[in-house]
Amino acid sequence: MIPAGFDYHAPRSVADAVKLLGSLGPDAKLLAGGHSLLPMMKLRFAQPGALIDLGRIADLRGIAQAGNEIRIGAMTTEHELLNSKLLADKVPLLVEGVSQIADPQVRYKGTIGGDICHGDPANDHPALALALDASFVLAGPKGERVVKAEGFFVGVYSTLSQTDEILTQIRIPVPAAGSGWSYAKFKRKTGDFATAAAAVLLQMKGGKVAKVSIALTNVGNTPIKANKAEQHLVGKALDEAALGEAARLAMASCSATSCQRGTADYKTAMAGEMLRRALQAALSRAKP
Ligand code: FAD
């Protein structure tokens with residue numbers, strides 16, 4: 001359980017970190033909270049020759065509003081997200097999701113950027129980012145690019161981010177006033193990853209769904225945006241028939257694999273149930 005040897009670098013700016021990444025090449029790995037990377041190194045699934053610790057780059061931390069957008073530094077910890085008044089006010093879906101990640105010890109060190117870049121479909125931030133229509137700012141040798149969360153996750157532990165790029169910021173459009181929200185997560189015990197989970201952001205008008213965004217955790221190689229379920233719900237009241245059909249369509253979009261948390265069929269069924277519960281909770285919070 002002791003990782004192989006590695007060099008350690010602690011740059012003070014994003015520019016220096018990008019330079020280091022360029023000079024050290026793909027053998028170097030970025031270190032954020034270390035809660036996913038260090039276990040992989042101890043198990044020798046990852047053996048980077050160098051770690052570039054992002055922990056001393058002050059610009060990578062913080063939560064602020066810029067116009068109609070919330071901007072979160074990639075090194076902002078789950079603990080900071082959970083205790084942000086701005087997020088509680090503007091993006092409560094994110095806070096509800098974070099409150100269900102791991103335990104306080106993990107949340108003190110784990111970062112939103114690390115959770116996203118790890119590309120683990122069992123992680124909660126990817127689906128939350130999809131439901132919130134977030135964008136990611138990536139800094140690399142050629143400058144910055146901004147990519148949508150939708151399309152960013154390409155496979156298990158695989159994202160659009162290149163080995164010479166650093167995720168610097170997560171941008172979230174402020175949800176419309178009166179939106180309802182919910183992150184319903186089914187897990188075996190407190191602190192566990194999701195067996196399945198559903199993130200919902202909902203706008204109602206005149207008792208009918210005006211807009212809904214749905215994303216699912218841990219029922220495929222990537223987080224899943226349940227587009228067909230979303231389309232089905234628009235213009236409908238959230239009655240039993242609509243909930244049932246949305247759950248069916250969302251389950252049809254899953255491609256779960258069996259694991260220690262359950263068989264593929266069980267995980268898919270739990271995704272459907274989590275979606276029903278998330279939709280009902282979001283409805284109870286939405287302004288009609
Ligand atoms: P690290 O482990 O430091 O890095 C992870 C990967 O991302 C590495 O490959 C690293 O190089 C890369 N990386 C990090 N930051 C950047 C960046 N800014 N730009 C580019 N690449 C970057 N997560 C959940 O979502 N839900 C859970 O329920 C959950 N439960 C957990 C329970 C336990 C006991 C533990 C130990 C972890 C759990 N996690 C869970 C994972 C945890 O949230 C991790 O913190 C997270 O997956 C990785 O974040 P990190 O900051 O620790 O990143």
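Note on region 1-105: Cα-Cα pairs beyond 20 Å make up 51% of the total pair count. Listed by chain and number, the aspartates and glutamates placed with their C-alpha closer than 15 angstrom to that of Lys109 are Asp53, Glu78, Glu80; residues fewer than eight positions away on the same chain are left out. Our coupling estimate for region 120-128, obtained by passing each phi through the Karplus curve with A = 6.51, B = -1.76, C = 1.60 and θ = phi - 60°, is 8, x, 7, 6, 8, 4, x, 5, 4 Hz, Gly and Pro reported as x.
Roughly what % antiparallel, to the nearest 5, for the DSSP beta bridges in the chain? Given both bridge residues lie in the chain, the antiparallel proportion sits at roughly 85 percent. The largest accessible area among Lys85, Lys287, Lys148 belongs to the first residue in Lys85, Lys287, Lys148, and the rest follow in falling order (1.4 Å probe, all chains). When Thr257, Thr268, Thr190 are compared by accessible surface with a 1.4 Å probe, the order from highest to lowest is Thr190, Thr257, Thr268.
Rolling a 1.4 Å probe across all protein chains gives Phe186 an accessible area of roughly 60 Å².
Across region 180-285, Cα-Cα pairs farther apart than 20 Å form 31% of the total. For the set Met270, Met41, solvent exposure ranked by accessible area (probe 1.4 Å, protein chains only) runs largest to smallest as Met270, Met41.
Using a probe of 1.4 Å on the protein chains alone, the accessible area found for Arg188 is around 130 Å². With only the Cα atoms considered, region 7-52 has a convex hull volume of 64 Å³ per residue. Multiplying the residue separation of Ala10 and Lys148 by 0.36 nm and removing their Cα-Cα distance gives an extension gain of 46.8 nm. Bridgeable lysines around Lys142 (alpha carbons under 16 Å apart, same-chain partners fewer than 8 residues away excluded): Lys19. Distance from the C-alpha centroid of region 80-138 to that of region 175-254: 17 Å, rounded to the whole angstrom.
Here the accessible area is traced with a 1.4 Å probe on the protein chains. For region 96-152, carbon and sulfur cover 51 percent of it.
Region 100-141 has equivalent-ellipsoid semi-axes of 19, 14, 9 Å, by the square roots of 5 times the alpha carbon gyration tensor eigenvalues, sorted largest first. Rolling a 1.4 Å probe across the protein heavy atoms gives the chain an accessible surface of 45 Å² per residue. Computed extension length for Gln105-Gln65: 11.7 nm, one decimal, from 0.36 nm per residue of separation with the Cα-Cα distance subtracted. Once all protein chains are placed together, Lys236 keeps about 80 Å² accessible to a 1.4 angstrom probe.
Pair-distance distribution P(r) for the chain, from all Cα-Cα distances in 10 Å bins starting at 0: 7, 29, 34, 21, 7, 1, 0 percent. Using only Cα atoms, what Kirkwood radius does region 168-229 have, in angstroms? Its Kirkwood hydrodynamic radius stands at 13.4 Å.
The values are calculated or read from the model by the stated rules, or taken from the named source; none is laboratory data. Since the structure is predicted, the reported quantities are computational estimates derived from the model, not experimental observations. Note: areas computed on protein heavy atoms with side chains; ligands, DNA, RNA excluded. Shrake-Rupley method; radii C 1.70, N 1.55, O 1.52, S 1.80 Å.
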